[in-house]
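Below: one structure, written as C-alpha coordinates.
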Amino acid sequence: MPMTMPLERNPSLDELTEQAACQFRSVFGHDPTHFAAAPGRVNLIGEHIDYNDGFVLPLAIERYVVIAGRPICDSSEPLIRLFSDPLRSEISFPLRDLVPSSTRDWAKYVAGVMAGYQDRQANLPSIEACIVSSIPLGGGLSSSAALEVAAATLLEQITQTCLEPVEKALLCQRAEHLFAGVPCGIMDQFSSVFGQSNELLLLDCRSQTIEPVPFLFPDWTILVSNSNVKHALTGGEYAQRRDQCDQALHLLNKPSWRDVSMEEIAELSGKHDNVLLRRARHVVGEIVRTQQAAQALGKSDGATLGALMNASHDSLRDDFQVSCDELDVLVDIARTIGPAGGVIGSRMTGGGFGGCTVSLIETSRAEEIATRIRFGYQDRTGIEPTLFVTRPAPGAMPIYRP
Ligand code: ADP
Ligand code: MG
(Lines give C-alpha, C1' and ligand atoms only; values in the text may rest on other atoms or scores of the structure.)
(Ligands and ions follow the chains in the order given, each with its own letter.)
Protein backbone atom coordinates (compact mmCIF):
# COMPACT_ATOMS: atom_id res chain seq x y z
CA MET A 1 0.00 0.00 0.00
CA PRO A 2 1.48 3.42 -0.89
CA MET A 3 2.49 5.41 2.18
CA THR A 4 0.63 8.77 2.37
CA MET A 5 3.05 11.64 2.84
CA PRO A 6 2.29 13.60 6.01
CA LEU A 7 2.98 16.95 4.31
CA GLU A 8 1.30 18.16 1.14
CA ARG A 9 3.55 19.79 -1.44
CA ASN A 10 2.90 23.40 -2.42
CA PRO A 11 2.44 23.50 -6.21
CA SER A 12 4.80 26.06 -7.77
CA LEU A 13 3.53 29.22 -9.46
CA ASP A 14 4.82 27.83 -12.76
CA GLU A 15 2.73 24.70 -12.31
CA LEU A 16 -0.39 26.69 -11.41
CA THR A 17 0.12 29.04 -14.36
CA GLU A 18 0.49 26.11 -16.72
CA GLN A 19 -2.63 24.54 -15.28
CA ALA A 20 -4.56 27.80 -15.73
CA ALA A 21 -3.40 28.09 -19.35
CA CYS A 22 -4.41 24.49 -20.15
CA GLN A 23 -7.77 24.86 -18.47
CA PHE A 24 -8.39 28.15 -20.27
CA ARG A 25 -7.67 26.52 -23.64
CA SER A 26 -9.98 23.65 -22.92
CA VAL A 27 -12.87 25.90 -21.78
CA PHE A 28 -12.55 28.77 -24.29
CA GLY A 29 -10.79 27.12 -27.22
CA HIS A 30 -7.88 29.58 -27.50
CA ASP A 31 -4.94 30.90 -25.47
CA PRO A 32 -5.13 33.40 -22.60
CA THR A 33 -3.18 36.65 -22.92
CA HIS A 34 -2.73 37.66 -19.28
CA PHE A 35 -2.03 35.93 -15.98
CA ALA A 36 -2.20 37.11 -12.39
CA ALA A 37 -1.49 35.41 -9.06
CA ALA A 38 -2.39 36.31 -5.49
CA PRO A 39 -1.51 34.36 -2.33
CA GLY A 40 -3.64 33.22 0.57
CA ARG A 41 -2.47 34.07 4.06
CA VAL A 42 -2.13 32.62 7.49
CA ASN A 43 -2.22 34.74 10.60
CA LEU A 44 0.45 33.89 13.16
CA ILE A 45 -1.37 35.82 15.88
CA GLY A 46 -3.96 38.60 16.27
CA GLU A 47 -7.26 36.83 15.59
CA HIS A 48 -10.63 38.52 15.28
CA ILE A 49 -9.08 41.92 15.92
CA ASP A 50 -8.57 43.24 12.41
CA TYR A 51 -12.11 44.60 12.57
CA ASN A 52 -11.45 45.92 16.08
CA ASP A 53 -8.67 48.43 15.37
CA GLY A 54 -6.11 45.87 16.50
CA PHE A 55 -2.77 44.54 15.30
CA VAL A 56 -2.44 41.35 13.29
CA LEU A 57 0.68 39.44 12.28
CA PRO A 58 -0.04 37.51 9.07
CA LEU A 59 2.16 36.20 6.29
CA ALA A 60 1.26 35.49 2.70
CA ILE A 61 1.61 31.75 2.06
CA GLU A 62 3.03 29.69 -0.79
CA ARG A 63 -0.53 28.91 -1.93
CA TYR A 64 -2.12 30.94 -4.67
CA VAL A 65 -5.11 31.76 -6.81
CA VAL A 66 -3.91 32.10 -10.40
CA ILE A 67 -6.19 33.59 -13.07
CA ALA A 68 -5.62 33.31 -16.78
CA GLY A 69 -7.58 35.89 -18.77
CA ARG A 70 -8.17 37.37 -22.17
CA PRO A 71 -10.00 40.56 -23.15
CA ILE A 72 -12.43 40.12 -26.03
CA CYS A 73 -12.73 43.25 -28.12
CA ASP A 74 -15.97 43.19 -30.07
CA SER A 75 -18.92 45.51 -30.33
CA SER A 76 -21.40 43.53 -28.25
CA GLU A 77 -22.43 44.37 -24.67
CA PRO A 78 -19.42 43.69 -22.39
CA LEU A 79 -19.69 40.40 -20.55
CA ILE A 80 -17.43 38.26 -18.39
CA ARG A 81 -17.19 34.49 -18.72
CA LEU A 82 -15.55 32.94 -15.66
CA PHE A 83 -14.54 29.36 -15.11
CA SER A 84 -13.47 28.10 -11.66
CA ASP A 85 -11.34 24.99 -11.87
CA PRO A 86 -11.69 23.96 -8.18
CA LEU A 87 -15.48 24.29 -8.37
CA ARG A 88 -15.78 23.02 -11.97
CA SER A 89 -18.27 25.80 -12.50
CA GLU A 90 -18.76 28.40 -15.23
CA ILE A 91 -20.63 31.65 -14.62
CA SER A 92 -21.19 34.55 -17.05
CA PHE A 93 -22.66 37.96 -16.36
CA PRO A 94 -22.94 41.32 -18.14
CA LEU A 95 -20.59 44.04 -16.94
CA ARG A 96 -23.00 46.92 -17.35
CA ASP A 97 -24.40 48.42 -14.09
CA LEU A 98 -22.95 45.74 -11.83
CA VAL A 99 -24.78 45.20 -8.55
CA PRO A 100 -24.62 42.25 -6.13
CA SER A 101 -27.64 40.62 -7.75
CA SER A 102 -25.96 40.78 -11.20
CA THR A 103 -24.49 37.35 -10.49
CA ARG A 104 -24.45 34.53 -7.97
CA ASP A 105 -22.33 32.31 -5.73
CA TRP A 106 -18.57 32.51 -6.01
CA ALA A 107 -18.67 34.90 -8.99
CA LYS A 108 -19.83 37.68 -6.63
CA TYR A 109 -16.25 38.09 -5.36
CA VAL A 110 -15.04 38.82 -8.89
CA ALA A 111 -18.08 40.94 -9.76
CA GLY A 112 -17.40 43.11 -6.69
CA VAL A 113 -13.87 43.78 -7.86
CA MET A 114 -15.07 44.65 -11.35
CA ALA A 115 -17.67 47.01 -9.90
CA GLY A 116 -14.87 48.69 -7.94
CA TYR A 117 -13.01 49.28 -11.21
CA GLN A 118 -16.10 50.67 -12.84
CA ASP A 119 -16.51 53.09 -9.93
CA ARG A 120 -13.07 54.36 -10.89
CA GLN A 121 -14.42 55.01 -14.39
CA ALA A 122 -12.48 52.13 -15.93
CA ASN A 123 -14.09 50.86 -19.12
CA LEU A 124 -13.95 47.11 -19.01
CA PRO A 125 -14.01 45.07 -22.21
CA SER A 126 -15.56 41.60 -22.37
CA ILE A 127 -13.29 39.14 -20.58
CA GLU A 128 -12.81 35.39 -20.48
CA ALA A 129 -11.06 34.10 -17.37
CA CYS A 130 -10.13 30.81 -15.82
CA ILE A 131 -9.30 30.45 -12.11
CA VAL A 132 -7.08 27.77 -10.57
CA SER A 133 -6.07 27.61 -6.94
CA SER A 134 -3.91 25.80 -4.41
CA ILE A 135 -5.69 27.44 -1.44
CA PRO A 136 -8.38 25.31 0.15
CA LEU A 137 -11.74 27.05 -0.23
CA GLY A 138 -13.35 28.09 3.03
CA GLY A 139 -10.44 26.79 5.12
CA GLY A 140 -9.56 30.08 6.80
CA LEU A 141 -6.54 30.70 4.55
CA SER A 142 -8.31 33.47 2.71
CA SER A 143 -9.05 32.00 -0.68
CA SER A 144 -11.72 34.68 -1.04
CA ALA A 145 -9.29 37.60 -0.71
CA ALA A 146 -6.80 35.82 -2.98
CA LEU A 147 -9.55 35.51 -5.59
CA GLU A 148 -10.41 39.21 -5.31
CA VAL A 149 -6.80 40.37 -5.37
CA ALA A 150 -5.91 38.07 -8.28
CA ALA A 151 -8.93 39.43 -10.19
CA ALA A 152 -7.86 43.01 -9.44
CA THR A 153 -4.31 42.24 -10.58
CA LEU A 154 -5.63 40.77 -13.82
CA LEU A 155 -7.74 43.87 -14.40
CA GLU A 156 -4.72 46.09 -13.78
CA GLN A 157 -3.06 44.41 -16.73
CA ILE A 158 -6.09 44.29 -18.98
CA THR A 159 -6.96 47.96 -18.41
CA GLN A 160 -3.30 49.00 -18.14
CA THR A 161 -3.98 50.93 -14.96
CA CYS A 162 -1.98 50.37 -11.81
CA LEU A 163 -3.78 50.95 -8.55
CA GLU A 164 -2.00 52.18 -5.44
CA PRO A 165 -1.53 49.01 -3.38
CA VAL A 166 -3.58 50.31 -0.43
CA GLU A 167 -6.36 51.34 -2.79
CA LYS A 168 -6.29 47.92 -4.41
CA ALA A 169 -6.58 46.12 -1.06
CA LEU A 170 -9.44 48.38 0.03
CA LEU A 171 -11.24 47.97 -3.29
CA CYS A 172 -11.08 44.19 -2.79
CA GLN A 173 -12.29 44.46 0.81
CA ARG A 174 -15.22 46.54 -0.41
CA ALA A 175 -16.01 43.85 -2.98
CA GLU A 176 -16.24 41.28 -0.18
CA HIS A 177 -18.44 43.58 1.94
CA LEU A 178 -20.81 44.77 -0.75
CA PHE A 179 -21.01 41.81 -3.14
CA ALA A 180 -20.26 38.74 -1.01
CA GLY A 181 -21.96 40.20 2.07
CA VAL A 182 -19.03 39.39 4.38
CA PRO A 183 -18.11 42.30 6.69
CA CYS A 184 -14.41 41.31 6.84
CA GLY A 185 -11.57 43.43 8.25
CA ILE A 186 -8.57 44.51 6.19
CA MET A 187 -6.14 41.71 7.05
CA ASP A 188 -6.88 39.26 4.24
CA GLN A 189 -6.67 41.67 1.34
CA PHE A 190 -3.68 43.54 2.79
CA SER A 191 -1.78 40.26 3.28
CA SER A 192 -2.48 39.16 -0.27
CA VAL A 193 -1.38 42.52 -1.72
CA PHE A 194 1.59 43.32 0.55
CA GLY A 195 3.08 39.88 1.30
CA GLN A 196 6.88 39.69 1.07
CA SER A 197 9.26 36.73 0.98
CA ASN A 198 10.89 36.30 4.38
CA GLU A 199 8.64 38.81 6.13
CA LEU A 200 5.62 38.76 8.35
CA LEU A 201 3.44 41.86 8.32
CA LEU A 202 2.64 43.62 11.57
CA LEU A 203 -0.47 45.37 10.34
CA ASP A 204 -1.95 48.16 12.41
CA CYS A 205 -5.60 47.90 11.44
CA ARG A 206 -6.40 51.32 12.86
CA SER A 207 -3.86 53.33 10.86
CA GLN A 208 -3.79 50.74 8.06
CA THR A 209 0.00 50.76 8.09
CA ILE A 210 2.40 47.84 7.93
CA GLU A 211 5.62 47.25 9.78
CA PRO A 212 7.57 44.38 8.22
CA VAL A 213 8.91 41.80 10.68
CA PRO A 214 11.77 39.81 9.14
CA PHE A 215 11.43 36.03 9.23
CA LEU A 216 14.87 35.02 8.09
CA PHE A 217 15.55 32.01 10.27
CA PRO A 218 15.94 28.85 8.23
CA ASP A 219 15.48 26.93 11.51
CA TRP A 220 11.81 27.88 11.88
CA THR A 221 8.92 27.05 9.59
CA ILE A 222 5.19 27.70 9.61
CA LEU A 223 3.06 24.56 9.68
CA VAL A 224 -0.58 24.80 8.61
CA SER A 225 -2.85 21.94 9.72
CA ASN A 226 -6.27 21.86 8.11
CA SER A 227 -8.91 20.16 10.26
CA ASN A 228 -10.97 19.66 7.10
CA VAL A 229 -14.13 20.52 8.99
CA LYS A 230 -16.29 23.59 8.70
CA HIS A 231 -19.15 23.80 11.17
CA ALA A 232 -21.99 25.75 9.64
CA LEU A 233 -23.69 26.63 12.97
CA THR A 234 -26.18 29.34 12.20
CA GLY A 235 -23.85 30.86 9.63
CA GLY A 236 -23.97 34.27 11.26
CA GLU A 237 -21.31 33.72 13.90
CA TYR A 238 -18.79 36.10 12.34
CA ALA A 239 -21.28 38.94 12.06
CA GLN A 240 -22.52 38.15 15.58
CA ARG A 241 -18.99 38.43 17.02
CA ARG A 242 -18.51 41.74 15.25
CA ASP A 243 -21.76 42.98 16.66
CA GLN A 244 -20.88 41.81 20.18
CA CYS A 245 -17.55 43.63 19.97
CA ASP A 246 -19.31 46.83 18.94
CA GLN A 247 -21.75 46.44 21.84
CA ALA A 248 -18.91 45.81 24.30
CA LEU A 249 -17.02 48.90 23.10
CA HIS A 250 -20.18 50.94 23.49
CA LEU A 251 -20.54 49.59 27.04
CA LEU A 252 -16.98 50.66 27.77
CA ASN A 253 -17.79 54.05 26.30
CA LYS A 254 -14.59 54.21 24.26
CA PRO A 255 -14.01 55.30 20.67
CA SER A 256 -11.53 52.50 19.91
CA TRP A 257 -10.38 49.17 21.36
CA ARG A 258 -6.90 50.67 21.46
CA ASP A 259 -8.06 52.92 24.28
CA VAL A 260 -9.35 50.09 26.48
CA SER A 261 -7.37 48.43 29.29
CA MET A 262 -7.95 45.10 31.03
CA GLU A 263 -8.57 47.03 34.27
CA GLU A 264 -11.44 48.92 32.66
CA ILE A 265 -13.02 45.65 31.58
CA ALA A 266 -12.55 44.17 35.06
CA GLU A 267 -14.34 47.18 36.57
CA LEU A 268 -17.49 46.23 34.65
CA SER A 269 -17.39 42.68 35.91
CA GLY A 270 -20.64 41.60 37.58
CA LYS A 271 -22.46 44.69 36.30
CA HIS A 272 -22.91 43.70 32.67
CA ASP A 273 -23.46 40.82 30.30
CA ASN A 274 -20.62 38.42 30.96
CA VAL A 275 -20.50 37.30 27.33
CA LEU A 276 -19.71 40.83 26.17
CA LEU A 277 -16.98 41.18 28.79
CA ARG A 278 -15.39 37.93 27.66
CA ARG A 279 -15.35 39.17 24.07
CA ALA A 280 -13.76 42.39 25.31
CA ARG A 281 -11.10 40.46 27.26
CA HIS A 282 -10.14 38.58 24.13
CA VAL A 283 -9.86 41.73 22.01
CA VAL A 284 -7.74 43.70 24.48
CA GLY A 285 -5.56 40.71 25.39
CA GLU A 286 -5.00 39.78 21.75
CA ILE A 287 -3.98 43.33 20.77
CA VAL A 288 -1.26 43.25 23.44
CA ARG A 289 -0.19 39.68 22.62
CA THR A 290 0.23 40.50 18.95
CA GLN A 291 2.56 43.43 19.59
CA GLN A 292 4.55 41.33 22.04
CA ALA A 293 4.73 38.49 19.51
CA ALA A 294 6.19 40.80 16.85
CA GLN A 295 8.85 41.88 19.33
CA ALA A 296 9.60 38.28 20.33
CA LEU A 297 9.91 37.31 16.66
CA GLY A 298 12.35 40.17 16.13
CA LYS A 299 14.51 38.77 18.94
CA SER A 300 14.09 35.11 17.83
CA ASP A 301 12.61 34.51 21.27
CA GLY A 302 10.77 31.25 20.61
CA ALA A 303 9.74 30.64 24.23
CA THR A 304 7.87 33.95 24.48
CA LEU A 305 6.38 33.68 21.01
CA GLY A 306 5.16 30.13 21.66
CA ALA A 307 3.56 31.10 24.97
CA LEU A 308 1.76 34.01 23.26
CA MET A 309 0.43 31.79 20.46
CA ASN A 310 -0.81 29.28 23.00
CA ALA A 311 -2.48 32.01 25.08
CA SER A 312 -4.15 33.33 21.92
CA HIS A 313 -5.74 29.94 21.28
CA ASP A 314 -6.96 29.65 24.85
CA SER A 315 -8.54 33.08 24.64
CA LEU A 316 -10.24 32.29 21.30
CA ARG A 317 -11.55 29.02 22.75
CA ASP A 318 -12.70 30.28 26.15
CA ASP A 319 -13.46 34.00 25.85
CA PHE A 320 -14.23 34.55 22.17
CA GLN A 321 -15.68 31.04 21.78
CA VAL A 322 -14.86 30.50 18.12
CA SER A 323 -12.87 27.26 18.36
CA CYS A 324 -14.31 23.75 18.00
CA ASP A 325 -13.37 20.24 19.12
CA GLU A 326 -11.34 19.46 16.01
CA LEU A 327 -9.21 22.62 16.26
CA ASP A 328 -8.68 21.96 19.96
CA VAL A 329 -7.51 18.42 19.17
CA LEU A 330 -4.99 19.69 16.58
CA VAL A 331 -3.66 22.25 19.06
CA ASP A 332 -3.58 19.72 21.88
CA ILE A 333 -1.47 17.28 19.87
CA ALA A 334 0.92 20.05 18.79
CA ARG A 335 1.28 21.23 22.38
CA THR A 336 1.87 17.71 23.60
CA ILE A 337 4.77 17.47 21.16
CA GLY A 338 5.84 20.84 22.56
CA PRO A 339 9.19 22.62 22.39
CA ALA A 340 11.06 19.43 23.25
CA GLY A 341 9.68 17.87 20.07
CA GLY A 342 10.12 20.99 17.93
CA VAL A 343 6.72 22.74 18.28
CA ILE A 344 7.28 26.31 19.44
CA GLY A 345 3.60 27.33 19.58
CA SER A 346 0.24 26.41 18.06
CA ARG A 347 -3.17 27.98 17.76
CA MET A 348 -6.33 28.07 15.68
CA THR A 349 -6.25 30.64 12.90
CA GLY A 350 -8.91 32.31 10.75
CA GLY A 351 -12.54 32.84 11.63
CA GLY A 352 -12.89 29.57 13.59
CA PHE A 353 -15.48 26.78 13.93
CA GLY A 354 -13.21 24.66 11.74
CA GLY A 355 -10.52 25.48 9.22
CA CYS A 356 -6.87 25.48 10.18
CA THR A 357 -4.36 25.76 12.97
CA VAL A 358 -1.01 27.50 12.59
CA SER A 359 2.06 26.21 14.37
CA LEU A 360 5.57 27.56 14.52
CA ILE A 361 7.91 24.58 14.32
CA GLU A 362 11.54 23.64 13.90
CA THR A 363 12.20 23.11 10.21
CA SER A 364 14.31 20.00 10.65
CA ARG A 365 11.50 18.19 12.47
CA ALA A 366 8.65 19.12 10.13
CA GLU A 367 8.00 15.62 8.73
CA GLU A 368 8.09 14.00 12.15
CA ILE A 369 5.76 16.63 13.68
CA ALA A 370 3.34 16.45 10.74
CA THR A 371 3.21 12.66 11.03
CA ARG A 372 2.34 12.83 14.72
CA ILE A 373 -0.34 15.47 14.19
CA ARG A 374 -1.80 13.68 11.20
CA PHE A 375 -2.17 10.28 12.84
CA GLY A 376 -3.06 11.65 16.27
CA TYR A 377 -5.86 13.72 14.76
CA GLN A 378 -7.11 10.85 12.63
CA ASP A 379 -7.16 8.56 15.68
CA ARG A 380 -9.10 11.00 17.82
CA THR A 381 -11.57 12.38 15.27
CA GLY A 382 -11.77 9.85 12.43
CA ILE A 383 -11.04 12.72 10.02
CA GLU A 384 -8.02 12.98 7.74
CA PRO A 385 -6.33 16.36 8.11
CA THR A 386 -4.15 18.01 5.46
CA LEU A 387 -0.89 19.64 6.44
CA PHE A 388 1.65 21.76 4.66
CA VAL A 389 4.56 23.98 5.57
CA THR A 390 5.20 27.42 4.19
CA ARG A 391 7.57 30.32 4.41
CA PRO A 392 6.38 33.92 3.96
CA ALA A 393 5.58 34.40 0.27
CA PRO A 394 5.46 37.45 -2.02
CA GLY A 395 2.15 39.25 -2.56
CA ALA A 396 0.04 39.49 -5.71
CA MET A 397 1.80 39.80 -9.04
CA PRO A 398 1.24 39.69 -12.77
CA ILE A 399 2.83 36.65 -14.39
CA TYR A 400 4.50 37.00 -17.75
CA ARG A 401 4.96 33.90 -19.85
CA PRO A 402 7.24 33.67 -22.85
P1 ADP B 1 -11.64 31.52 2.96
O2 ADP B 1 -11.46 32.90 2.42
O3 ADP B 1 -11.10 31.38 4.32
O4 ADP B 1 -11.12 30.46 2.07
P5 ADP B 1 -14.38 32.24 2.61
O6 ADP B 1 -15.65 31.59 3.03
O7 ADP B 1 -14.13 33.64 3.01
O8 ADP B 1 -13.19 31.28 3.09
O9 ADP B 1 -14.26 32.20 1.04
C10 ADP B 1 -14.46 31.01 0.34
C11 ADP B 1 -15.31 31.28 -0.89
O12 ADP B 1 -14.55 32.09 -1.83
C13 ADP B 1 -15.66 30.04 -1.65
O14 ADP B 1 -16.81 29.40 -1.11
C15 ADP B 1 -15.92 30.61 -3.04
O16 ADP B 1 -17.19 31.22 -3.11
C17 ADP B 1 -14.88 31.72 -3.15
N18 ADP B 1 -13.64 31.22 -3.80
C19 ADP B 1 -12.41 31.17 -3.28
N20 ADP B 1 -11.52 30.66 -4.15
C21 ADP B 1 -12.22 30.36 -5.27
C22 ADP B 1 -11.88 29.80 -6.54
N23 ADP B 1 -10.63 29.43 -6.82
N24 ADP B 1 -12.88 29.64 -7.46
C25 ADP B 1 -14.13 30.05 -7.17
N26 ADP B 1 -14.50 30.57 -5.98
C27 ADP B 1 -13.57 30.73 -5.04
MG1 MG C 1 -12.37 34.66 3.18
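The values are calculated or read from the model by the stated rules, or taken from the named source; none is laboratory data. No experiment lies behind these values; they were computed from the predicted model shown. In this analysis, Cβ positions are derived from the backbone assuming ideal geometry, glycine residues included, and neighbour counts consider all displayed protein chains. Note: accessible area is taken over every heavy atom of the protein model, side chains too, but ligands, DNA and RNA are not part of it. Shrake-Rupley method; radii C 1.70, N 1.55, O 1.52, S 1.80 Å.
With a 1.4 Å probe and every protein chain left in place, work out the accessible area per residue of the chain in Å², rounded to a whole number.
41
What order do you get for 44-55, 86-97 when each peptide is scored by the mean count of other beta carbon atoms within 10 Å, highest first? Numbers along the way, then the final one.
Numbers: 44-55: 25.5, 86-97: 13.6.
Those peptides, ordered most packed to least, come out 44-55, 86-97.
Multiplying the sequence separation of R120 and R9 by 0.36 nm and subtracting their Cα-Cα distance, what value in nm do you get?
Length gained, R120 through R9: 36.0 nm.
Count the net charge of all other residues whose Cβ sits under 14 Å from the Cβ of E164, scoring Lys and Arg as +1 and Asp and Glu as -1.
On the way: positive: R120, K168; negative: E156, E167.
Within the 14 Å Cβ shell, the charges total 0.
For a paramagnetic label modelled at 7 Å from the Cα of D31 toward its Cβ, which residues of the stretch 51-83 fall within the zone defined by backbone nitrogen distances under 19 Å?
67-73
Can you give me the long-range amide H partners of S126? Hydrogens built in the peptide plane at 1.01 Å from N, cutoff under 5 Å, separation of 5 or more residues or another chain.
I72, D74, L79
What FRET efficiency would be calculated for the residue pair S269, Q240, taking the C-beta separation as r and a Förster radius of 25 Å, to the nearest 0.05?
0.70
Peptides 214-221, 294-301: what's the order by average Cβ count within 10 Å, highest mean first?
Those peptides, ordered most packed to least, come out 294-301, 214-221.
Can you check what the net charge comes to around P385, using other residues whose Cβ is under 14 Å from the Cβ of P385 (Lys, Arg +1; Asp, Glu -1)?
Surrounding charge for P385 is -3.
Between S89 and residues 5 or more places away or on another chain, which pairs have amide H atoms under 5 Å apart, with H built 1.01 Å from N, and which residues are they?
Amide H to amide H, under 5 Å and 5 or more residues apart or across chains, S89 pairs with S84.
Rounded, prolate or oblate: which fits the stretch 216-390 when a ≥ b ≥ c are the square roots of the eigenvalues of the alpha-carbon gyration tensor, with rounded for a/c under 1.5 and prolate only if a/b beats b/c? Present the calculation step by step, with values, prior to reporting the outcome.
On the way: a/c = 2.64, a/b = 1.51, b/c = 1.74.
Oblate.
Please find the FRET efficiency linking A303 to D332, where r is the Cβ-Cβ separation and R0 is fixed at 30 Å, and quote it to the nearest 0.05.
The formula returns an efficiency of 0.95 here.
By average Cβ neighbour count within 10 Å, what is the ranking of 316-326, 24-34, 352-362 from highest down?
So the order, starting with the most tightly packed, is 352-362, 316-326, 24-34.
Running a GNM on the chain with Cα contacts under 10 Å, which residue among E18, E128, E164 ends up with the highest mean-square fluctuation?
Ranking E18, E128, E164 by mean-square fluctuation puts E164 first.
Computing the accessible area with a 1.4 Å probe over protein heavy atoms, can you report the carbon and sulfur percentage for the stretch 216-390?
Numbers: 3640 of 7370 Å².
Using a 1.4 Å probe with all protein chains present, the stretch 216-390 comes out at 49 percent carbon and sulfur.
Where in the stretch 358-402 are there chymotrypsin sites (Phe, Trp or Tyr not before Pro) that are in a DSSP coil and have at most 10 other Cβ atoms within 10 angstrom of their Cβ?
Loop-located and lightly packed - Y400.
Using a Gaussian network for the chain with springs between C-alpha atoms less than 10 Å apart, which of these wobbles most: T161, T363, T103?
Looking only at T161, T363, T103, the largest GNM fluctuation is found for T161.
Could you run the Debye sum over the Cα atoms of the chain, one equal point scatterer each and no solvent, and tell me log10 of I(q)/I(0) at q = 0.07, 0.12 Å⁻¹, two decimals?
Log10 of I(q)/I(0), two decimals: -0.32, -0.94.
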